[in-house]
Every structure is written in C-alpha cells, then in structure tokens.
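The values are calculated or read from the model by the stated rules, or taken from the named source; none is laboratory data. Remember, predicted model here, so these are calculated numbers, not experimental data. A quick note on method: Cβ atoms are made from the backbone with ideal geometry, for glycine too, and the neighbour counts reach across all protein chains shown. Protein only, heavy atoms only, side chains kept; ligands, DNA and RNA dropped before computing areas. Shrake-Rupley method; radii C 1.70, N 1.55, O 1.52, S 1.80 Å.
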Amino acid sequence: MYDFDQVISRRGTNSSKWDRVPEGSIPLFVADMDFRSPQCVVDALKNRAEHGFFGYTFAGDDFFDAVCGWQKRVHGCTVTKEEIIPIPGVITGLQWSMKALTPTGGCVTLLPAYPPFLSVPQNLDKPLAAVTLSGDNGRWELDFDALEKELAREEVNSFILCNPHNPVGRAWTEEELCQMLTLCKKHGVTVYSDEIHGDIVMPGETFTSVLSLPEELAGQAVVLNAPSKTFNLPGLQTSCIIVRDPEQRRKISELLGRSHIPGPSIMGFAAAAAAYNGGEQWMREMNRYVSENFAIMEKFFAEELPCISFHRPEATYLAWLDCRKTGLASKELDEKFRAAGVVLGVGTDFGKTAGDGFMRLTAACPRELLTEFLKRMKQALE
C-alpha cells in the first residue's frame, strides 16, 4: 500500500542529513527517515499553503484533539487539552521544563544516552550522574540498585528517562517503568520522560507510556512527545510537553512566556494534526518495514561481518551496533566508514566510555540504501 522502497534524492534540499556529507556518501547517522511523509501530511500542507496567509498563530482545537485522540487510540492514554503545552522541539521542552521545575540540583540519566541528555543538564549547571545499561544477557537491562544509589544522592532532583530508549531500542516494560518512577518518588526526584520514539514499536512488542501509569507515579512526571520521528517531520518543529500537575504546568508556561520561547509553526500544527488523524496505517506499515530491515541487518552481520552485532531493537528505528570485536575505537571506526562512503552515529557521542566501540545506524530507509550501506561497511573493515 505504501512504497517504502522508493529512493528519492534529498540532495540540494538543505538536508542536515544529506547535504552535509560528501557527494556519493550514504548518511544513516541521524534519526531522520528516508521515507516520504504520509500523503495526508503533504495534502494538509498544500491546503494550508493555498490559503496564502502565514501570520501569527496558536494551537487550535484541531491540534489538541488530534494529539489527545492519538494518545487514546494508539497508546490507551487519556490526555486533556489543558495538559498539553505546545513547544517547537522535545529538547527545547526538556530544557525549559527543567529550568522551570528543577533549576538547581543534580540530574541522573542512563548511558548510552541521546547526546542532548548529556548537554541539557550542563547548560543548566546541573551536575550529571549516569547509570550505564548492560547488554551482557542478550538484552539491554537496567541495574535498579545502581539507579537508586544515584537517585538517593541529596542534591539529585531530576531524572531524564528515554522511553523507548535511544540508542539501544529498549521498550521499557510497565513493571520497569513503575520501578523507576517509584524510586524517583521515594527520593523526591522529578521524572522527565522523552517519548518521541513511542510510536515506533516493532511487531510483537509493546510501548508503555509514563502517562498510562498509576496517578501516584505519573501525576508529577513531565512527558515530552512529538510526531516528528514517527512521520519524519522534524523540520516542522512541532512537539508537546504533557504535564498532569496544574502547578507544574503553570510554572513551565509562565517561564516559556517570560522567555519569549515561540510555539510551533503554522505549518507544523497543520502537519501534526493531519498525521495524527490520518497516518496510523502508514505508521504501522513503516514499523513492519523497519523490522524487516533489522532482520536483514542481523543476517548480514552474522554471515558477512561477525565482528559487528546488535540486540534487535524492540522500539525505535535505531540500531546500536557493537563493533568492539573489531578492536577499533569509535573514532577509528568513523574514519574507516567515512572513507568507504558511509556515515554512522559515533558511539562516544552517546557517552565517552559507555559508547566507545559502538556506532548507531538509522534503519528507517529504503532497502536499496540499506543493503548498499552494509556492503560498504564490510568493505571498510576488510
């Protein structure tokens, strides 16, 4: 029904992914799909453009209804219009939420970590502690004793959670999430849950939103979400902060207003509403296609490049590749791969120690690109 095999050139479009790498290289380093967004989004943008007016805007009921409807229909979460704060980006929302609610004190996150989770606390002068995930048992797992040790530190008041986890692809279970949030509640720590990849779940797996947890746990959490990863809309700058607690919402909204932080764009609102209202089947087909890409990668690495492996992601379209058997550090791997015309995410960007010897690959691309990419990876290491 949807042609995810179609290869469309993005060169010459000011693409941060394609126009910042040498001609002839294939970039699969950034969480940006090489699939065309659903037709319902393209049509909505055309219709909005045809009106011809692009003045100052605000979030209308069509946007709020679409967000609430998606959360209910796809994730089983009841969200009200009042609980949503529109924001241009998830990391913008994370930084300003933390500045409003926990401006001082320490922060905890899990390694390897999406790089902004390391820089946001630094921007706010918040000391950062981290717990490193273990992949020794065939699945990435969290040591809850180690987590509690960090959360129990007197100065700690913030926990950045990536749900599902970028880059390892874990879809945290309800039990795991309850355990994390119970520890945070016990030690008076505010949870900031980035759920931007929550729609990208592999067949047979389940995503559990923090919003679906019991009120005594979810009531004080800040959840950040967007249609950007799901429908390839990051350039349209449209995200949400979802906050149950009215006092927390007031503090965040007032700080955003005082700081002149803009809301999403007029086109972003149109695209988000269209995607959430009409893109569900596209999303499910895309997830199946990405899952098949992961299967191709597994087979290739096992048969053609056994020095590289990865735990099959439960969610996200990201593969966290374990290249340690090559004996090369991430910097050396990056140099070799770039020389062969392929660009991956560099592991040390996700944690200097936890990420060394790893690389991140974005598998949301046409199969023709992926297979050529894998061949070049093999050539780089021969």
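With (1) surrounded by fewer than 15 Cβ atoms within 10 Å (Cβ to Cβ); (2) part of a helix (DSSP H, G or I); (3) of a type in the set (Gly, Ala, Ser) as the list, and residue 268 as the residue in question, which single condition is left unmet? Status for residue 268: all satisfied but (1). Residue count for segment 276-329 under the criterion of being open to solvent by 30 Å² or more (accessible area, probe 1.4 Å), not hydrophobic (A, V, I, L, M, F, W, C) and not in a strand (DSSP E or B): the result is 19. Taking the conditions exactly as written (within 26 Å of residue 364 (Cβ to Cβ), surrounded by fewer than 19 Cβ atoms within 10 Å (Cβ to Cβ) and among the β-branched types (Val, Ile, Thr)), does residue 42 satisfy them or not? Yes, satisfied.
For every residue, the table says whether it meets (1) hydroxyl-bearing (Ser, Thr, Tyr); (2) in contact with a strand residue (DSSP E or B) (Cβ under 7 Å, 6 or more places away or on another chain); (3) farther than 21 Å from residue 34 by Cβ.
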site: 258; (1), (2), (3): no, no, yes
site: 263; (1), (2), (3): no, yes, yes
site: 266; (1), (2), (3): no, no, yes
site: 269; (1), (2), (3): no, no, yes
site: 289; (1), (2), (3): yes, no, no
site: 300; (1), (2), (3): no, no, no
site: 336; (1), (2), (3): no, no, yes
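Looking across 374, 361, 370, one residue alone is within 26 Å of residue 201 (Cβ to Cβ) and in a strand (DSSP E or B). It is 361. Scanning segment 207-231 for residues being in a loop (DSSP other than H, G, I, E, B), in contact with an Asp or Glu (Cβ under 9 Å, 6 or more places away or on another chain) and open to solvent by 30 Å² or more (accessible area, probe 1.4 Å) gives a total of 1.
Of all the listed residues (198, 204), the sole one being part of a loop (DSSP other than H, G, I, E, B) and either of a type in the set (Ser, Thr, Tyr) or surrounded by fewer than 20 Cβ atoms within 10 Å (Cβ to Cβ) (or both) is 204.
Taken together, the residues in segment 139-193 that are in contact with a Gly (Cβ under 8 Å, 6 or more places away or on another chain) and either open to solvent by less than 50 Å² (accessible area, probe 1.4 Å) or within 16 Å of residue 221 (Cβ to Cβ) (or both) amount to 8. If residue 126 satisfies all but one of (1) among the charged types (D, E, K, R); (2) within 24 Å of residue 362 (Cα to Cα); (3) crowded, with 20+ Cβ neighbours inside 10 Å, what's the number of the condition it fails? The single condition residue 126 does not satisfy is (2).
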